[in-house]
1. Output wanted: per-residue J couplings in Hz (rounded whole) for the stretch 56-71, from phi through Karplus 6.51 cos²θ - 1.76 cosθ + 1.60, θ = phi - 60°, x for Gly and Pro.
2. Counting alpha carbon pairs within less than 8 Å and at least 6 residues apart, what relative contact order, in whole percent, applies to the stretch 42-141?
3. Of the listed peptides 124-130, 85-91, what is their order by residue-averaged count of other C-beta atoms within 10 Å, with the highest listed first?
4. Ranked highest first by average number of other Cβ atoms within 10 Å, how do 103-115, 57-69 line up?
5. Amide H to amide H under 5 Å from I177: which residues, 5+ apart in sequence or cross-chain, H placed 1.01 Å off N in plane?
6. Anything over 26 Å Cα to Cα? Flag those among K56/K103; K83/K120; K56/K138; K56/K83; K56/K124; K45/K124, in the order listed.
7. Under 5 Å between amide H atoms, partner at least 5 residues away or on a different chain: which partners does Y139 have, H built in plane at 1.01 Å?
8. Residue separation times 0.36 nm, minus the C-alpha to C-alpha distance between D100 and L58: what's the value?
Amino acid sequence: MKEKFEENQDLMWQTDRYESLKLAESPWENNKVSISYTIPGIERKNEEDTNNLRVKTLEHIDNTYPHDTWTHIYTDGSSDNMKAGGAGIHIWHSDGSKEDIAKATGSICSNFKAQVIAIKTALKHIQANQDNSGEEQKYITFCDSQAALQSLEQTPTDQLSEAMAPLLKQNMEFQWIP
């Protein structure tokens, strides 16, 4: 039991270790990378009917990030009261192909950490499988955790920065979804 705790504690510290962004160019100063925390027509998530949230969100996604020109990356992470955690990623490529990725995030993991791990895993997967045709790619990552998205802007981890660096020359956006 103690070994399991120490193993998970190591994972926890690795995800919590924040350092300065060590890139020649900060992704947030690059015009091709942005984070959006709003959906048009949604003022407060808790004041909207679930169906209205869904309709407005899907309408925004379809109008702003058409599937034929953007690769859609849906990320989610959760844990069971700081017990078992997991990250899920669904990637819908602009050519119509789809991929699903699931990753255990450790038995001592918060929802926040699982969300950040999901984003990091998705970016690393995109980087490893990037189309090298020379054509500019467009990536949109959807996440329902504003805190996880804000952490990317405020204190990106060195691992997350490494995952983002090769994608800086592409159009890459992050969109909060309710």
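1. 5, 5, 5, 4, 4, 4, 4, 6, 8, 10, x, 4, 7, 10, 10, 7
2. Contact order relative to length: 28 percent.
3. Going from most to least packed, we get 85-91, 124-130.
4. Top of the packing list down: 103-115, 57-69.
5. For I177, whose amide H was placed from the backbone, the distant partners under 5 Å are C143, D144, S145.
6. Violating the 26 Å limit, Cα to Cα: K56/K103; K56/K83; K56/K124; K45/K124.
7. Placed amide hydrogens put T71, N171, M172, E173 under 5 Å from Y139.
8. Once the chain is fully extended between D100 and L58, it gains 13.1 nm.
Read-outs: derived from the displayed coordinates by stated rules, not from any lab. Quantities reported herein were computed from a predicted structural model and do not represent experimental measurements. No Cβ is skipped: glycine too gets one built from the backbone with ideal geometry, and neighbour counts run over all protein chains shown.
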